1. Among the residues of segment 19-42, what is the count of those that are in a loop (DSSP other than H, G, I, E, B) and either open to solvent by 100 Å² or more (accessible area, probe 1.4 Å) or modelled with pLDDT of 95 or more (or both)?
2. Quick one: how many residues across segment 27-52 are of a type in the set (S, T, N, Q) and out of contact with any Ser or Thr (no Cβ under 9 Å at 6 or more places or on another chain)?
3. Cβ contacts < 8 Å: first residue under 24 Å from Lys3 (Cβ atoms), restricted to segment 35-52; second residue open to solvent by 90 Å² or more (accessible area, probe 1.4 Å) and in a strand (DSSP E or B), any location; separation 6+ or different chain. Result?
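The values are calculated or read from the model by the stated rules, or taken from the named source; none is laboratory data. Keep in mind it's a predicted model, so treat the numbers as computed, not measured. Reconstructed Cβ throughout: ideal geometry from the backbone, glycine too, with neighbour counts over all protein chains shown. Calculation scope for accessible area: heavy atoms of the full protein, side chains included, ligands and nucleic acids excluded. Shrake-Rupley method; radii C 1.70, N 1.55, O 1.52, S 1.80 Å.
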Amino acid sequence: MAKGVRIIITLECTECRTNIDKRSPGVSRYTTTKNRRNDTGRIELKKFCTHCNKHTVHKEIK
C-alpha cells in the first residue's frame, strides 16, 4: 500500500519548552498537515500560544 503525500504533523511551542517562569504549566501544541514532497524539512510557524499568551514560533516535532 502506497503512503499518502500529505501527512499529519504536530507543532510545539519553542518558548514553553525552554522558559521555566511562564504563566501556566504545559506546552502549546497544534496539529496540521504538510505535503512531504514540497516540505521535506521541519516546519516552523508563528502560532498563538495559550500558555505564553502571545504569538511564538512553533516547530514540528516527531
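1. Matching residues across segment 19-42 total 8.
2. Matching residues across segment 27-52 total 4.
3. From residues that are under 24 Å from Lys3 (Cβ atoms), the pairs are Asn35/Arg6; Arg36/Arg6.
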